[in-house]
1. Name the residues whose placed amide hydrogens come within less than 5 Å of the amide hydrogen of residue 296, ignoring near sequence neighbours (fewer than 5 apart) on the same chain.
2. First check a/c for the range 39-121, with a ≥ b ≥ c the square roots of the eigenvalues of its C-alpha gyration tensor; if it is under 1.5, answer rounded, and if not, answer prolate when a/b is larger than b/c or oblate otherwise.
3. For the range 58-72, what does the Karplus curve 6.51 cos²θ - 1.76 cosθ + 1.60, with θ = phi - 60°, yield as ³J(HN,Hα) per residue in whole Hz, taken in order and with x for Gly and Pro?
4. Check residue 276: other-chain or 5+ apart residues with amide H under 5 Å from its amide H, H built from backbone geometry?
5. Debye calculation, C-alpha points only, no solvent: report log10 I(q)/I(0) for the range 213-309 at q = 0.10, 0.19, 0.23 Å⁻¹, in the same order as the q values.
6. Read phi for every residue in the range 117-127 and hand back ³J(HN,Hα) as whole Hz from Karplus 6.51 cos²θ - 1.76 cosθ + 1.60, θ = phi - 60°, with x for Gly and Pro.
7. Using only the Cα atoms, work out Rg/Rh for the range 3-166, with Rh taken as the Kirkwood radius, to two decimals.
8. What per residue convex hull volume, in Å³, do the alpha-carbon atoms of the range 72-174 yield?
Amino acid sequence: MSLFQSMFGIGRGAAPTPASAPVGDTESVRRIAARLGILPPERARFVAAFAYLLARAARVDVAITAVETAEIARLVADVGALDAETAALVAELAGTRVEHFGATDDYLVTREFKAISTPEEREQLLRCCLLVAAADDDIDAVESWLVNRMAEELDIPRPDLNRIRASFTDKIAGLVEVRRLRDATPADVPPAAIAPGAAASSPAPAPQPAPDLPPGVRIEQVWLVEVPYTPEARERRPAFRLQHLSRLARLRAEGRIIEAGGAADFSKAVLLMRGADEDEVLALIASDVYTSGGVWHSPTVVGYGRVVSEG
């Protein structure tokens, strides 16, 4: 059974749904497809665009590593039913094209792939981009942002993107760090009461020794959230700001947000939030219009002990 059959449940030889007319038809795709003379022209075009976009995902953090190139070759060999030597040549050429022409071809090739693929194949591509990004065992914030951007360009709905990303939570750097910090919570921070409205089945924190606190003072477990702005945030934010701020005001009135605001240098937003766990908090961030609108990306969450005076 092939990688695509086992991972996606589809046949290796299934042909993509062709567009009514070619779209994009970039030089990069033509050059790569020329190496695929053993395939029918339409299939060669599909595999060429597929290889280029995997290289785009690898190149986002400046350089394509040898391990990423090997992963691209492996995926291209499977989707195109190619021998290892041909797949390796295609992977190398795709990387070269991205390096030299990425600034002009990235969006055009993505649009071309969208025109000649089915929704299922677009999801397959996105999953493979994450496999390439994770080839070095870590998906950093820039790689994560690009996957979000490509999903937008391919018209992959946010719930489908979140479903695909869920398979890679152990590789996404921000979420890995959240879990590391959670596991290293200092023993002198007491467990918090479950926030109002949280599911009764939410696991309770392990009992810890109560610290010495002055009368009328307690430590509340909350969540410190940092959400970087995307490079396009300044242009995109105005269209969503009213809806975003209205939602934040409602969540604050409900007690789920304690504080929220943007950094003066426009680098990120910072929120102090209540929730049963970091996954609940991340779900609130994921459902915000700033996330779906491409203003925010790649949030990180850290457990935070908030000093509360009850006097």
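1. 230, 291
2. Values: a/c = 1.78, a/b = 1.08, b/c = 1.65.
It comes out oblate by the Cα gyration axes.
3. Working through the residues one at a time gives 6, 7, 4, 9, 5, 10, 9, 7, 4, 5, 5, 4, 5, 5, 4 Hz.
4. 195
5. With no solvent term, the Cα-only Debye profile gives -0.28, -0.89, -1.23.
6. Couplings: 10, 8, x, 5, 5, 5, 5, 4, 4, 4, 4 Hz.
7. Working: Rg = 14.1 Å, Rh = 15.4 Å.
My calculation puts Rg/Rh at 0.92.
8. On the way: hull volume 10.9 nm³, N = 103.
Looking at the range 72-174, the number lands at 106 Å³ per residue.
Just so you know, all these numbers are worked out from the coordinates, no wet-lab data involved. Predicted model only: the values in this text are computed from it and were never measured.
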